[in-house]
1. Of the numbered conditions (1) of a type outside the set (Phe, Trp, Tyr); (2) within 26 Å of ILE131 (Cα to Cα); (3) in contact with a Lys or Arg (Cβ under 7 Å, 6 or more places away or on another chain); (4) free of Cβ contacts under 8 Å to residues at least 40 places away in the same chain, ILE103 fails exactly one; give the number of that condition.
2. Residue by residue through region 100-122, note down the ones that are under 18 Å from SER168 (Cα atoms) and either open to solvent by 20 Å² or more (accessible area, probe 1.4 Å) or out of contact with any helix residue (DSSP H, G or I) (no Cβ under 8 Å at 6 or more places or on another chain) (or both).
3. State yes or no: is SER43 touching a residue at least 12 places away in the same chain (Cβ under 8 Å), open to solvent by 30 Å² or more (accessible area, probe 1.4 Å) and in contact with a helix residue (DSSP H, G or I) (Cβ under 9 Å, 6 or more places away or on another chain)?
4. Tell me whether region 153-171 contains one or more residues that are under 23 Å from ASN67 (Cβ atoms), among the polar types (S, T, N, Q) and in contact with a Ser or Thr (Cβ under 7 Å, 6 or more places away or on another chain).
5. Go through (1) open to solvent by 40 Å² or more (accessible area, probe 1.4 Å); (2) among the aliphatic types (A, V, I, L, M); (3) more than 14 Å from the chain's Cα centre (by Cα) and name the single condition VAL14 misses.
6. Might you let me know whether region 85-99 holds any residue that is within 16 Å of the chain's Cα centre (by Cα), loosely packed, with under 13 Cβ neighbours inside 10 Å and on the phi > 0 side of the Ramachandran plot?
7. Among the residues of region 52-64, are any polar (S, T, N, Q), over 18 Å from the mean Cα position of the chain (by Cα) and open to solvent by 20 Å² or more (accessible area, probe 1.4 Å)?
8. Please name all residue pairs, on different chains or six or more residues apart, with Cβ atoms under 8 Å, provided the first residue is in region 178-189 and is modelled with pLDDT under 90 and the second residue is open to solvent by 60 Å² or more (accessible area, probe 1.4 Å).
Amino acid sequence: LPDASSVSLNAKSVLVFNKNSWKNNREVELQGEAFFKVAKGSSFNVITETGTVKVYGTQFNVKQRNNYFEVICYEGLVGVTHNSIETKLKPGDSFLIIDGKTIAKEKENRTMPSWLNNASTFRSLPYKTVIAEFERQYNVQVTLLGIDSNQLFSGSFAHDNIELALKSITLPLHATYSKSNNTITLRGE
């Protein structure tokens, strides 16, 4: 960004900002997921469909997907405004809304999001969010047969090996998979 802050974007994510008016209007619009490292002394807003994140010089991750909104603070202080209510996040704090419901999460102990190291990690999240991320990372369509997409899943998958990734998301459920072109079918027991 123009103030030497940096942003890393995850798969199928878009960040928009106006370079010309940055000094007076410091805001970015985000669709998808991004990790921000904000230069000290700089504050700006990250605007998403679900909520606005106010930045006070920090490191944080914002994920805005279909019916999923999550902000994790890794360093500094972040303010998340959702439905006109601001929640302040300190390092290790997170803010998560799935399908319109606020979800309590335990403290984050990593220093940065796993996707920066080519992996997606999930802790007690609905299986449908795991599948949606898998589809984004590998650009495939996944069909579930006999699998409850709302059951909670904890685990991770790599972004650089689809076979290994498929095993990572099916073995814990005792599920099997088959592939045909860009379509993958997961079958429950």
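The values are calculated or read from the model by the stated rules, or taken from the named source; none is laboratory data. These numbers were taken from a predicted model, which means no experiment stands behind them. All Cβ positions, even for glycine, are placed from backbone atoms using ideal geometry, and neighbour counts span all protein chains on display. For accessibility, only protein heavy atoms count, side chains too; no ligands or nucleic acids. Shrake-Rupley method; radii C 1.70, N 1.55, O 1.52, S 1.80 Å.
1. Looking at each condition in turn, ILE103 falls short on (3).
2. Looking only at region 100-122, we keep the residues that are under 18 Å from SER168 (Cα atoms), and these are 114-115, 117-122.
Result: SER114, TRP115, ASN117, ASN118, ALA119, THR121.
3. Working: touching a residue at least 12 places away in the same chain (Cβ under 8 Å): yes; open to solvent by 30 Å² or more (accessible area, probe 1.4 Å): yes; in contact with a helix residue (DSSP H, G or I) (Cβ under 9 Å, 6 or more places away or on another chain): no.
Spelling it out, it is not the case that SER43 is touching a residue at least 12 places away in the same chain (Cβ under 8 Å), open to solvent by 30 Å² or more (accessible area, probe 1.4 Å) and in contact with a helix residue (DSSP H, G or I) (Cβ under 9 Å, 6 or more places away or on another chain).
4. Scanning region 153-171, I find at least one residue that is under 23 Å from ASN67 (Cβ atoms), among the polar types (S, T, N, Q) and in contact with a Ser or Thr (Cβ under 7 Å, 6 or more places away or on another chain), so the answer is yes.
5. (3)
6. Filtering region 85-99 down to residues within 16 Å of the chain's Cα centre (by Cα) leaves 92-99.
From the residues that got through so far, the ones that are loosely packed, with under 13 Cβ neighbours inside 10 Å too are 99.
Pick out the ones that are also on the phi > 0 side of the Ramachandran plot and you get 99.
Yes; the residues of region 85-99 include at least one that is within 16 Å of the chain's Cα centre (by Cα), loosely packed, with under 13 Cβ neighbours inside 10 Å and on the phi > 0 side of the Ramachandran plot.
7. Initial filter on region 52-64 (polar (S, T, N, Q)): 52, 58-59, 61, 64.
If we keep only those that are over 18 Å from the mean Cα position of the chain (by Cα) as well, we get none.
No, because not a single residue in region 52-64 is polar (S, T, N, Q), over 18 Å from the mean Cα position of the chain (by Cα) and open to solvent by 20 Å² or more (accessible area, probe 1.4 Å).
8. Taking only residues 6 or more apart or on different chains, the pairs are GLU189/GLY146; GLU189/HIS174.
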